[in-house]
1. Classify region 253-344: rounded, prolate or oblate, from the alpha-carbon gyration tensor (a ≥ b ≥ c, eigenvalue square roots; a/c under 1.5 rounded; otherwise prolate if a/b is larger than b/c)?
2. Per-residue counts of other Cβ atoms within 10 Å, averaged by peptide: what ranking do you get for 280-290, 67-77, highest first?
3. What is the log10 of I(q)/I(0) for region 193-340, computed with the Debye formula using one identical point scatterer on each Cα and no solvent, at q = 0.15, 0.19 Å⁻¹?
4. With runs of 4+ DSSP H residues as the only contributors, calculate the mean residue ellipticity of the chain at 222 nm using -39,500 (n - 2.57) per run, divided by the residue total and rounded to the nearest 500.
5. Under a GNM of the chain (C-alpha, springs under 10 Å), which listed residue has the highest mean-square fluctuation: Leu295, Leu137, Leu54?
6. Whole Å is fine, so just give me how far the alpha carbon centre of region 38-110 lies from that of region 224-250.
7. Among the complete DSSP H segments of the chain, which ones combine at least 27 Å of alpha-carbon extent along their axis with a mean Kyte-Doolittle hydropathy of 0.0 or more?
8. Check the straight Cα-Cα distances from Lys314 and name the aspartates and glutamates below 16 Å, setting aside those fewer than 8 residues away within the same chain.
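Taken together, the values in this text are just the output of simple stated rules run on the coordinates, not laboratory data. As the structure is a computational prediction, the values presented were derived from the model and not from experiment. Counting neighbours? That spans all protein chains shown, and the Cβs are built from the backbone with ideal geometry, glycine included.
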Amino acid sequence: MARMMRRILIVLVSLGIVAAAVAFGARSWLDSYLDTPLVLEESRILDVPAGSSLKGIARDLAGEGVLKHPAVLTAWARHTGDAAKIRAGEYELTTDTTAQGLIDLLVRGQAVLHSLTFVEGWTFTQMQAALDAHPALERTGIGSDAERLMTELGMPAMAPEGWFLPETYRFSRGTRDLVILRQAFEAMQEALEQTWNNRDDDLPLESPYEALILASIVERETGLDAERAKVAGVFVRRLRKGMRLQTDPTVIYGLGEDFDGDLKRADLRRDTPWNTYTRAGLPPTPIAMPGLASLEAAVKPAEGTALYFVATGKGDGSHQFSDTLEEHNRAVAAYLRRLRQGGR
């Protein structure tokens, strides 16, 4: 009896060793499988729509020859609980992405990010067009309904022009356009608050909104960082003296679709709420999206005595600043001569 028990014990131990060896081998194979890169010759984008299952994704990748043993991957992810955690989005698979790396990507939601840049000096109409044209954004139509948009953003009855900070915004495919608009709106509010709190004393501006309006004019008048504060200084001194701003970009904005690209003397006499030749003070709204540099220039204008400026015509975007109308007229004449001479 004792001899039989020993034999049985030896058999059981042997079976246990075999089972352990099989389990060890299986786990070693699984670890090797999970650490093996997918079959890719170059990087590619994997689109995972909402509601997708890991089983379906693995099956599709296996059908394309990218993933081996899809059932193993699915079973492993179910065992770890990751199969129920995958997120929709676009994911970049590289030649180094392993089977486990694929699961990690889908679970962490490390989706490919798209970008959209709102350019300094753009109008709200140009911003709308950029939103509508971006293929990765979900369009809600709110961007084309200014009243509805501003109500949604908590500023009903406020014109949308100028209220969005020109920056590059990043997002995953399927993001709603309102999300980007809200980010840009909140970024501008924060930037405007900061610059207004750091403004110079005795500015002829009564509110942050007036600073935003002035900044938009500075933005449209010059693209040179070195000139922004000087341009703002001219406008601030004109406001203090009660002089009209007489800035062409406001006239062009007021003309809207009637502007044909050639600003004429008749246009300067055509009265609109934004015509700073026919009306005193600031226009009723911004005329574009100002960047941070223009916001800072509007509230910290350069000191000086210049009341006029005109383009130099050198092709570098620079301007000639003048203290008197006589000096300004000479600068204008020099500008016209340079234009006739081809910028020399």
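1. Here region 253-344 falls in the oblate category.
2. So the peptides 280-290, 67-77, ranked by packing, come out 280-290, 67-77.
3. Computed log10 I(q)/I(0) values: -0.76, -1.23.
4. -15500 deg cm²/dmol
5. Leu54
6. Cα centres, region 38-110 to region 224-250: 58 Å.
7. Sorted by number, the helices that extend far enough and score high enough are 2-34.
8. Hits, sequence-local ones excluded: Glu221, Glu227.
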